[in-house]
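Contents: one structure, followed by commentary.
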Amino acid sequence: MEGSDSYLIRPNYQHKFKPAVVKECIRETVKARLSEVQYDPDEVSELTRTLADSVKNKVKKLGFDRYKFVVQVTIGEQRGQGVKMSSRCLWDADTDNYAEDVFMNFVLCGGRVWKLFLLSSREYECGGG
Amino acid sequence: MSRVNKTPSLNCSSQQVVDWSRRLCCIFTNNTCVNVPRVKDDEMDEYHNEGSFNTEEADSIVKECIENVVGGDDYNQNLVNKWTSAIVERCLTQLVKLGKQYKFIVTCALMQKTGAGLHTANSCYWDTAMDVSSTVRWESRTMYCVVSVFAVAVA
């Protein structure tokens, strides 16, 4: 079926996930939220959750249709400890990608390694049920 | 009489195809509008559960991988790089061996125990019926390990 948009299984070049754009988006969101914040054990868990949600909502607005997102935010206190984070993914390297950014504060290592993994979704192919 | 061999291509969306097929069903059933019978939700679940992802199985796989890699060791800054890579790669290969139709993301954080706090939060925009995530927290005398697994359905 030539020229039929509804049977795309790969995104067009214009619609492909752009890590740089998303990274900038993350950076702005986190900077705005965490710049003046100190580590408070009671509030930080709520802060992490709301930060993850707001990043996700911002990225949704960037207009990457046909993509699913996973956002992960990690916040830790700076006490001179060692931390190491790593990840591996099994995905379609042609369509899927990730963006991450790290924010550091004097006492609050918003070691926000937030990863945004976009995977193309094939719901349109199912022909509407 | 010449035949047109090429079928004309039709630009349409899948929603239009569904609408037209429903209308055709109506025409063939004497012009009464019939609701296309939908598979009930529990029947759909039975169909999907054959291939759906079991988080308990994933948890046990992840715990086993962590134990095998850092089971009896103390936090060592020189080795922590290798440890996190090994944990993550091992988890991924074990999950792939389950043979489910899923894409996987596995993340691992290893932190030394100094009394500092660490918080992780995830927010996902996906199909809540098919996609799942699970987080395993493990600790030893000198370190914490947090492994998150995200399974995103392909089909």
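The values are calculated or read from the model by the stated rules, or taken from the named source; none is laboratory data. All figures in this text were calculated on a predicted structure; none of them were measured in a lab. Note that each Cβ is placed from the backbone with ideal geometry, even for glycine, and that neighbours are counted across all protein chains shown.
Is it the case, given these coordinates, that residue B:99 is on the phi > 0 side of the Ramachandran plot and at pLDDT 60 or above?
Spelling it out, residue B:99 is indeed on the phi > 0 side of the Ramachandran plot and at pLDDT 60 or above.
Mind listing whichever residues of region A:50-72 are over 10 Å from the mean Cα position of the chain (by Cα), more than 20 Å from residue B:153 (Cβ to Cβ) and surrounded by 22 or more Cβ atoms within 10 Å (Cβ to Cβ)?
Correct list: A:51 only.
I need the full set of residues from region B:100-126 which are within 7 Å of chain A (Cβ to nearest Cβ) and within 22 Å of residue B:54 (Cβ to Cβ), in order please. I'd like the intermediate steps shown before the answer.
Going through region B:100-126, the residues within 7 Å of chain A (Cβ to nearest Cβ) turn out to be B:103-112, B:114-126.
Those that are within 7 Å of chain A (Cβ to nearest Cβ) and within 22 Å of residue B:54 (Cβ to Cβ): B:103, B:104, B:105, B:106, B:107, B:108, B:122, B:124, B:126.
Loosely packed, with under 14 Cβ neighbours inside 10 Å and modelled with pLDDT of 90 or more, is that true of residue B:85?
Numbers: loosely packed, with under 14 Cβ neighbours inside 10 Å: no; modelled with pLDDT of 90 or more: yes.
No, not satisfied.
How do the strands (runs of 3 or more DSSP E) wholly within region B:52-147 filter down when requiring 1 or more residues that are in contact (Cβ under 8 Å) with a residue 40 or more places away in the chain and farther than 30 Å from residue A:65 by Cα: which remain?
Details: elements: B:102-112, B:118-125, B:132-139.
By residue number, B:102-112, B:132-139.
Only residues in region A:27-43 that are without any contact (Cβ under 8 Å) to a residue 60 or more places away in the chain count as the first member; pair them with residues that are acidic (Asp, Glu), Cβ under 9 angstrom, at least 6 apart or cross-chain, and list the lot.
Qualifying pairs under 9 Å: A:41/A:77.
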